[in-house]
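Report on one structure; see the data block that follows.
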Amino acid sequence: MVLIDSLIELAKPWAKKIVEEKFLPYLQDIGYEYYLKGRQLNKLKSSMSDYLIRVKSQCSVINSLAFPNVLKKIKDIYEPLFLSSLDSRDENSIRVSNGNDFVTMITHALIIDNAGMGKSTLMKKIVIDTIDKTEFIPVYIELRSLADSPITYQIKELLGIEPSESDDLVRNFPFAYFFDGVDEIPFDQKNNILKRIREFSDDFPKSKILITSRPDNSLLELHGFSRYRIKPLELEQSYNLLRLYDANSYSLSNKLILSGKLISEIKSMRNKDSITEFLTTPLYVSLLFCAYKHKPIIPRRKDLFYSQVYEALFESHDLSKETGYVRGKMSGLDITDFSLLLRRLAFWCLKHNGRLEFSRAELEICILDIVSNIKGVQVKPIQFINDLITTVPLFVKEGSLYRWSHKSLMEYFSAEFICIDVKDKRDEILLKLFDSNSPSKYKNILELCADIDYSTFRRTVVKHCLERYLNHFEKIDEIDNLSLVDKEIWASVSFFTDIILRLTPYGSASLSDFVPDAEKRNKSPDPEYPIFENTFIGYQDFITSLTYPESLGSAVFEILKWKHLEYFYTERNFYNRLNDDANIITENVMIKVINGRVIGAHDSIIPGVITVLLQFRHALSIPVIRTASARRALSDINLDASNGVDNLLEGF
């Protein structure tokens, strides 16, 4: 077990060395004598040392659901991840074994990926390698803690520098800036804070700046950043991760018994499809290890992962003690009532801007309010909070703050609340989530709701999505001179997102050509200025600017595809239509597509646009449904919205 106090002690000599041997001489060289005397010197040494110590100790360890209540050194459980560029047609990968190599190669970069892909773990690994192996000094900030004030002001405050000092004081020192978790910023603050980050990056053009986030349209603010995604784990990487968890398990020592049994069971499965998807995601590998350690059953659905992990954490057998030892719950609640409170707490958090973090007083007030509205359950908030931190460790305590150990846990229990507690209003809430078209807020929740209660999800969200798609396809079907395959590809692509596309030869390209006037776009309702998340992608001898099709419609079709693969085109079905010599798009022509219709060009350009889009299938997820299948699926829902329940009840 790693103790944070010991990490703090280990970090002190490094922090002292940085301050004494690097920063103070730097101040002297540039003439800042004010900070080198008496009280100001002591304040600066204390503030900067404390901050650097906190950064190194915080980034050295990780809370993992594979090890409830136990901090682990990140170097002991890190399996090297691979990054691929979202700004290039080139599918080459960057193996991040030494994070310092990645920091050296980038200036301003975004790592964008879905829940559980290991963004925060990767960020911490890069920070630690930056400390150990480069001249850069990391400034690491979890974005949920950032205030809506100039970032340089906040950084200077952290370091003990007077806010009134020139920004040059930090701009010219070899700091590297790491901002983790755009998706964890409260929803109502996100746009303002991203504008602050953009202003900061504009003012620090030569500084190393790395940011992580789930896909989010608000990232448009950061149009000058290079963008990367984490490649899904290969099976052998997943197995390595399971072995690392096992080797670091306090209960199983280094015998690798559990991981060996689990890996053998996965390999022997006749149909691996039901588990392989989860093995590509680091979070689900850790959940699988945690769940399997408690009960040797491999979950087949996302919701079952969380359910089995919750059961494991609640029952918490301490394997270092005698068989059957179970920690008592301070709250006195059983597993059912504890889950009831968790579901309501999670939905409260979702409703309040996706809140993840509380002071103790705030969390007590929130739980007291929830409990006061539940009949038949009595518990003291502080006892429930203590359980959340210790005996059922779904929260972590960092200093004086309490937070969900992973955002996806809040989303899982929110989805359970919608599917279990809401009852008569369930259909209305699901449709409200879908119609928001806010993937960054609700994509993971809708996917979990589909797992927990597919019948309700089918008769509401799937039906609504199919109806909208078929109405959209009717417009596309009117376009002449398109093959059926191209119509169906075009209908799916344009149903999920509008498009701005332009091919510009590299020699005559300017970044400003691809960046719409954000202020004009945000103020104008004119469809000429839609809000897009832009992608800059190389294509043959051109720069291609196009939108990234992240939408809840796409997420719903992915869920439907998981249930009915036969409804959808496979890559083999339609990528053989590619012909790079045909339908070439004219250079330097801005092509806009809104609701499937081309603005400023003839529809005959559509096959060329499709050709370009299909070149980037490593970056663009486009589930293309067969229209006949969409009609059949909608007909099935209309014929039996209950998904077999009414038939079963007949005659009862």
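A few notes on this one:
- Cross-link pairs exceeding 29 Å between alpha carbons, from the set K125/K156; K119/K206; K208/K407; K302/K423; K261/K561: K261/K561.
- E571 paired with T390, simple spin-label distance in nm, labels 7 Å along Cα-to-beta-carbon: 5.1
- Under conditions of 20 °C and 1.002 mPa s, region 317-465 yields 130 µm² s⁻¹ as its translational diffusion coefficient, taking Rh as the Kirkwood radius over Cα pairs in the Stokes-Einstein equation.
- Separation between Cα centres of region 19-78 and region 161-195, rounded to whole Å: 17
- Treating r as the C-beta distance of L235 and S166 and R0 as 51 Å, the FRET efficiency rounds to 0.45.
- Rg over Rh [alpha-carbon atoms, Kirkwood Rh] for region 4-230: 0.96
- Packing, taken as the mean count of other beta carbons within 10 Å per residue, orders the peptides 380-392, 329-341 from highest to lowest as 380-392, 329-341.
- Taking every alpha-carbon pair under 8 Å whose residues sit at least 6 apart, the chain reaches a relative contact order of 12 percent.
- Within region 435-469, backbone nitrogen closer than 12 Å to the virtual label 7 Å beyond the Cα of D427 toward Cβ: 456-461, 463-464
- Taking 0.36 nm per residue of sequence separation and removing the Cα-Cα distance, the S604/Q383 pair yields an extension gain of 72.9 nm.
- For region 188-227, the C-alpha radius of gyration divided by 2.2 N^0.38 Å, with N the number of residues, is 1.12.
- Given charges at Cβ of Lys, Arg, Asp, Glu: the chain dipole, positive-most of N444, I365, T130: I365
- Low-density loop cleavage sites - GluC sites (Glu not before Pro) in region 1-102, where at most 16 other Cβ are within 10 Å (DSSP): E91
- Taking 7 Å steps out from each Cα toward its Cβ at N69 and L648 produces label points 3.9 nm apart.
- Amide proton proximity set for K208, modelled H, under 5 Å, gap of 5+: Y177
- Which listed pairs, of K124/K443; K255/K293; K487/K592, have C-alpha distances above 19 Å, in listed order: K124/K443
- Members of K17/K190; K190/K295; K133/K397 lying beyond 32 Å, as alpha-carbon distances in this model show: K17/K190; K190/K295
- Long-range amide H partners of I137 with built H, under 5 Å: F175, A176
- Residue separation of D29 and M105 scaled by 0.36 nm, minus their Cα-Cα distance, works out to 24.5 nm of gained length.
- Where chymotrypsin sites (Phe, Trp or Tyr not before Pro) fall in DSSP loop in region 128-190, at most 16 other Cβ within 10 Å: F187
- Gyration tensor over the Cα atoms of the chain: the corresponding equivalent ellipsoid has semi-axes (square roots of 5 times the eigenvalues, largest first) of 40, 36, 23 Å.
- Global form of region 1-136, assessed from the alpha-carbon gyration tensor, a/c cut-off 1.5: oblate
- Contour minus Cα-Cα distance for K255 and N595 (0.36 nm per residue): 116.6 nm
- Pairwise centroid distance, computed over Cα atoms, of region 359-380 with region 435-457, Å: 27
Rule-based calculations on the coordinates, nothing more; no lab input. Nothing here was measured: the structure is a model prediction, and the numbers come from that model. No Cβ is skipped: glycine too gets one built from the backbone with ideal geometry, and neighbour counts run over all protein chains shown.
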